[in-house]
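Chemist: One structure is given below, represented as structure tokens, and several questions about it will come after.
The values are calculated or read from the model by the stated rules, or taken from the named source; none is laboratory data. Since we're looking at a predicted model, the values are computed, not measured. All Cβ positions, glycine included, derive from the backbone under ideal geometry; neighbour counts span all protein chains shown. For accessibility, only protein heavy atoms count, side chains too; no ligands or nucleic acids. Shrake-Rupley method; radii C 1.70, N 1.55, O 1.52, S 1.80 Å.
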Amino acid sequence: MTWLVTGGAGYIGAHVVEQLLASQRSVVVLDDLTTGMVSRIPEGVTLEQVTLTDAQLVEHVFKAHEITGVIHLAAKKQVAESVAHPEYYWQENVVGLQNLLDAMSNHGVTKIVYSSSAAVYGQPDIGQDALIDETTHCEPINPYGATKLVGEWLARSRTVSDDFSVAALRYFNVAGAGRPELGDQFEFNLVPIALSALTQGKNPIIFGDDYPTPDGTCIRDYIHVHDLAQAHVSAVEFIENKNGIFESFNIGTGVGSSVREVLKAIAHVTDIHLEPTVAPRRAGDPAQLVASVAKARDMLSWTSTRTLDDIAASAWEAWSHH
């Protein structure tokens, strides 16, 4: 079976491609290379440099290859950017997905693992220490999260109209590296932002220290990217022999870490200790998002195995490598 991985030259995508190949599946990568890198694509894997907003080019990819399933990772994902430019996020994340789903329907491809996000939940009213499960009400508080939730709805609709089998993976905060060569090189997320600041001798920045959390900084569930990639293979195995289903799964650890705790872990592995600078809150950042991962454990037979210390150490090794 050949799986099309959109965004397969990106940070997460490269890890997913590696794990799919290890599972003895064939892979074709679709990526527009705006943030993806050709160097991340393994030898022998075909790259189609295509943007999903061009429906004709997407259609061509399905004509050129015998695709049997899709892992859809390609998307814009910066919360602050989505608040500033919501129309861009709707075009890239929603219209792009619509083109992909249309091409799948046209070619009888009915299996898709959809890259969703914990941002679909917004700021759930579930109590300070409660975990978010897949039945928690979804009410995104930023355009990025809204595009991901609408993407779930679009994919779910195809389970009725086209007998699709869909697994929507709601990622929590992804970090770390499976190998140094595949590390995150872009300063979009907390861990690489902090590593960049520390290696330049700059104080890392905390955006808001007045949240209703124990130390005042945002709490997130940090999942190692290698564990996340393995979750995709488990999701592929789950949907391969099913038709007409939709299931969403939280992909996290079930353990929350504050921004200050993450920065302490990074300082420990780098041995660079600089006092963070506190800046105002960013628009669209909820105080706490921590996953209940029972459904993924029970239905996908998947659980995370790596800790925050593993994330910090592997991210530092990758950052040093590059």
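Chemist: Out of (1) at pLDDT 95 or above; (2) hydrophobic (A, V, I, L, M, F, W, C); (3) within 26 Å of His137 (Cα to Cα); (4) open to solvent by 10 Å² or more (accessible area, probe 1.4 Å), the odd one out for Leu228 is which?
Modeler: For Leu228, the failing item is (4).
Chemist: Can you pull out the residues in region 86-110 that are open to solvent by 20 Å² or more (accessible area, probe 1.4 Å) and not in a helix (DSSP H, G or I)?
Modeler: Scanning region 86-110 gives His107, Gly108, Thr110.
Chemist: Do any strands (runs of 3 or more DSSP E) entirely within region 137-228 hold 2 or more residues that are under 24 Å from Ser248 (Cβ atoms), and if so, which? Show your work before the answer.
Modeler: Values: elements: 165-171, 173-175, 205-207, 222-224.
Filter on region 137-228 gives 165-171, 173-175, 222-224.
Chemist: Of all residues in region 49-76, which are outside any loop (DSSP other than H, G, I, E, B) and either out of contact with any helix residue (DSSP H, G or I) (no Cβ under 7 Å at 6 or more places or on another chain) or under 18 Å from Ser115 (Cβ atoms) (or both)? Steps first, answer last, please.
Modeler: As a first pass, look at region 49-76 and keep what is outside any loop (DSSP other than H, G, I, E, B): 55-64, 69-72.
Matches in region 49-76: Gln56, Leu57, Val58, His60, Val61, Lys63, Ala64, Gly69, Val70, Ile71, His72.
The rows are residues; the columns are (1) out of contact with any Ser or Thr (no Cβ under 6 Å at 6 or more places or on another chain); (2) modelled with pLDDT under 95; (3) under 17 Å from Tyr114 (Cα atoms); (4) buried (at least 22 other Cβ atoms within 10 Å of the Cβ).
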position: Thr135; (1), (2), (3), (4): yes, no, no, no
position: Ala155; (1), (2), (3), (4): yes, no, yes, yes
position: Arg158; (1), (2), (3), (4): yes, no, yes, no
position: Phe164; (1), (2), (3), (4): no, no, yes, yes
position: Tyr171; (1), (2), (3), (4): no, no, yes, yes
position: Gly176; (1), (2), (3), (4): no, no, no, yes
position: Glu181; (1), (2), (3), (4): yes, yes, no, no
position: Pro192; (1), (2), (3), (4): yes, yes, no, no
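Chemist: Being over 30 Å from Phe207 (Cα atoms) and in contact (Cβ under 8 Å) with a residue 60 or more places away in the chain is the filter; apply it to region 64-85 and report the residue that is surrounded by the fewest Cβ atoms within 10 Å (Cβ to Cβ). First the steps, then the outcome.
Modeler: First, pick out the residues of region 64-85 that are over 30 Å from Phe207 (Cα atoms): 64-72.
So of that shortlist, the ones also in contact (Cβ under 8 Å) with a residue 60 or more places away in the chain come out as 65-72.
Numbers: His65: 16, Glu66: 11, Ile67: 22, Thr68: 16, Gly69: 21, Val70: 24, Ile71: 27, His72: 25.
Looking at residues that are over 30 Å from Phe207 (Cα atoms) and in contact (Cβ under 8 Å) with a residue 60 or more places away in the chain, I get Glu66.
Chemist: Name, by its number, the condition in (1) among the aliphatic types (A, V, I, L, M); (2) crowded, with 16+ Cβ neighbours inside 10 Å; (3) outside any strand (DSSP E or B); (4) in contact (Cβ under 8 Å) with a residue 24 or more places away in the chain that does not hold for Val27.
Modeler: (3)
Chemist: Now, a different point. Of all the helices (runs of 4 or more DSSP H) wholly in region 236-322, which have at least 2 residues that are without any contact (Cβ under 8 Å) to a residue 24 or more places away in the chain and surrounded by fewer than 18 Cβ atoms within 10 Å (Cβ to Cβ)?
Modeler: Output list reads 294-300.
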